[in-house]
Each structure stands twice: as C-alpha cells, then as structure tokens.
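First the structure, in the form of structure tokens, and then the observations on it.
The values are calculated or read from the model by the stated rules, or taken from the named source; none is laboratory data. A quick note: this is a predicted structure, and the numbers were derived from the prediction, not measured. Here the Cβ is made from the backbone with ideal geometry for all residues, glycine too, and neighbour counts use every protein chain on show.
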Amino acid sequence: MSVFKDSVIIVTGASEGIGRALCLALAPQGAKLAIAARNAERLASLKAEVEGLGGQALTIPMDVTDESACKALVDQCVAAFGGVDVLVNNAGGTMWARLDEIRDTSIFERLMRLNYLGSVYCTYYALPYLKERRGRLVGIASVAGLSGVPTRSGYSASKHAMFGFFDSLRIELMGSGVSVTMVAPDFVLSEVHRRALDGEGRPLGSSPMKESRIMTADACAALIVRAMERRERLLITSLRGRVARCLKLFAPAWVDRIARNAIEKRQ
C-alpha cells in the first residue's frame with residue numbers, strides 16, 4: 001500500500017514549482033490534498049490534474065503572510081477531510097540584489113513574513129491535528145538556509161530562521177510521534193526566479209538562471225516524497241549542498257567561494 005494512501009496533506013505554495021510538482025507526485029498514491037496559494041486559477045488547474053491522477057484536492061486560495069488565513073486553511077482542511085496527516089510548508093519567495101543595491105528595505109520584512117512567519121503560522125494551527133495522527137511536518141527551506149549566499153541576504157536569513165524554528169520544534173516534539181523533515185533544495189527550475197525581487201522591490205520578470213543546468217521541480221519533488229515517506233530529518237538535494245555543509249565546519253572561506261561562484265555562474 002502507498003504510504004500516503006488517504007493521507008490528508010496540506011501543501012502551501014502549491015500553484016507553481018516544487019509545490020505543484022509535489023502535489024502531482026503525491027496524487028497517484030491516493031492522497032487527499034489541501035492545496036493552497038494565492039493564484040486561484042492555477043489552483044483550479046492543479047486540482048483537475050491531481051484528480052486525474054487518482055488523488056483528491058481541495059483548493060484554498062490564501063496568503064500565508066496573513067495569520068488568520070493560515071488558521072482558516074487548517075480549519076477548512078479539517079472540515080473537509082477530518083484531520084491533518086502532513087503539513088508541507090512550501091510557500092516562499094526570493095530576491096536578487098546586493099545589500100548596497102537595495103532601495104526598498106521592506107524586502108527583508110516581506111521575505112521574512114512569507115518564508116518564515118507563514119510557516120510558523122501554518123504549523124501553529126496544524127500542530128494539534130498532527131499530534132492526533134502522529135503526523136509529519138515538512139519545511140521546504142534552501143541550501144541558502146545552511147550557508148550565506150550573495151544577492152540573497154534577505155532570503156537566506158528567512159531560510160536560516162526556518163531551520164532554527166523547525167530544529168527547535170523537533171526537540172519539543174520528541175515522543176509525540178510527529179516527525180520534522182527539513183528540505184534544503186539547491187537551485188530548482190521554478191517561477192520563483194522570475195518573481196525574485198530586485199533592489200527596488202519589483203519582480204525581475206525573467207529568470208537570471210541558466211535554467212538548463214538546474215534541477216527540475218519534478219526531480220526535486222521525487223526526492224522530497226521519498227524523504228517524507230522515510231521521515232528523514234534533513235534532505236539536501238545537491239552534492240554541492242552536501243559538500244558545502246561539511247566544509248563549513250572546517251573550511252568556511254571555501255564555502256563562501258562556492259556560494260559566490262554559483263551566483264556568478266548563475267547555476
């Protein structure tokens with residue numbers, strides 16, 4: 001039997017990228033998906049795809065930066081499906097600008113609310129239901145949450161915050177049966193790069209990445225599903241990320257150069 005057969009799974013940021021690919025990877029297992037994002041039209045198309053693959057889907061247009069919307073997300077999911085087995089905190093955004101290029105400092109607050117506080121809010125309201133079912137918590141962070149990345153200072157800070165929160169929560173949940181899986185993707189082919197904020201706080205509009213050289217969302221989602229099934233503590237999706245994590249302990253300057261080169265080469 002599939003691990004997630006009839007499991008109730010909330011996925012935020014489900015309309016595009018990793019979130020969408022993750023829903024499509026879980027659907028054939030017969031999961032019951034509460035799919036959340038701001039774009040109602042994209043959620044509707046995802047619902048049709050999920051149901052075509054054998055899953056069930058409840059669409060919930062919402063913004064995770066709004067705490068009341070996060071509560072409503074969980075409440076609607078429970079009302080429809082009776083509980084929560086898995087919460088995937090995936091909603092997020094990024095930036096692409098050096099600090100000395102920033103002209104709108106609200107970028108930092110916006111990213112912290114979206115990437116970090118949105119995960120806190122959703123987790124807070126879902127946690128009682130996850131405890132009831134000895135469920136799974138998943139945080140989609142980034143390798144930028146494990147090391148500094150130039151031009152991504154606000155993004156990196158918010159992803160570091162996610163690691164601090166979920167690593168602390170994992171300890172609090174010892175003995176509860178609820179697992180915490182952190183995911184640190186490297187660059188992934190996604191709309192997030194086109195929507196990255198420039199120094200003025202405006203979306204770039206086009207991806208600055210060499211997209212042919214980075215992981216697809218489908219490949220990333222396959223790795224995440226396996227990590228969820230196994231209740232893994234941490235998934236780092238690239239060899240570069242795993243090597244950098246080890247090197248940071250005894251050769252931090254080398255890791256700095258790896259990060260700088262990755263941005264300069266756009267890969």
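Against the criterion of being closer than 30 Å to W254 by Cα and in contact (Cβ under 8 Å) with a residue 40 or more places away in the chain, A126 does not qualify.
Checked against (1) closer than 24 Å to A217 by Cα; (2) surrounded by 18 or more Cβ atoms within 10 Å (Cβ to Cβ); (3) at pLDDT 95 or above, V149 passes all but condition (3). With the condition being of a type in the set (S, T, N, Q), I'd like the strands (runs of 3 or more DSSP E) fully within region 81-184 carrying at least 1 qualifying residues. Qualifying strands (runs of 3 or more DSSP E): 86-89, 179-184. Residues of region 191-221 that are touching a helix residue (DSSP H, G or I) at 6+ places or on another chain (Cβ under 6 Å), of a type in the set (G, A, S) and at pLDDT 70 or above: G199, A217, A221. Quick one: would you say G93 is more than 21 Å from the chain's Cα centre (by Cα) and either without any contact (Cβ under 8 Å) to a residue 40 or more places away in the chain or closer than 22 Å to T181 by Cα (or both)? For G93, the condition - more than 21 Å from the chain's Cα centre (by Cα) and either without any contact (Cβ under 8 Å) to a residue 40 or more places away in the chain or closer than 22 Å to T181 by Cα (or both) - is not met. Looking only at residues in region 1-40 that are among the polar types (S, T, N, Q), at pLDDT 95 or above and more than 17 Å from I140 (Cβ to Cβ), the one that is surrounded by the most Cβ atoms within 10 Å (Cβ to Cβ) is S7.
Take I60 and tell me if it is closer than 23 Å to T216 by Cβ, modelled with pLDDT of 95 or more and not in a helix (DSSP H, G or I). Spelling it out, it is not the case that I60 is closer than 23 Å to T216 by Cβ, modelled with pLDDT of 95 or more and not in a helix (DSSP H, G or I).
Here G54 passes the criteria (1) on the phi > 0 side of the Ramachandran plot; (2) in contact (Cβ under 8 Å) with a residue 40 or more places away in the chain; (3) not charged (D, E, K, R) except the one numbered (2).
In the set L26, L22, L73, L46, which member is assigned to a helix (DSSP H, G or I) and more than 25 Å from V178 (Cβ to Cβ)?
Just a single option satisfies the conditions, and that option is L46.
Contact map, region 19-42: first residue at positive phi, second residue buried (at least 22 other Cβ atoms within 10 Å of the Cβ) and of a type in the set (F, W, Y), Cβ cut-off under 8 Å, separation 6 or more or different chains; pairs are G30/F4.
G177 meets the conditions (1) crowded, with 17+ Cβ neighbours inside 10 Å; (2) more than 15 Å from I236 (Cβ to Cβ); (3) modelled with pLDDT of 95 or more; (4) not acidic (D, E) in every case but one. The failed one is (1).
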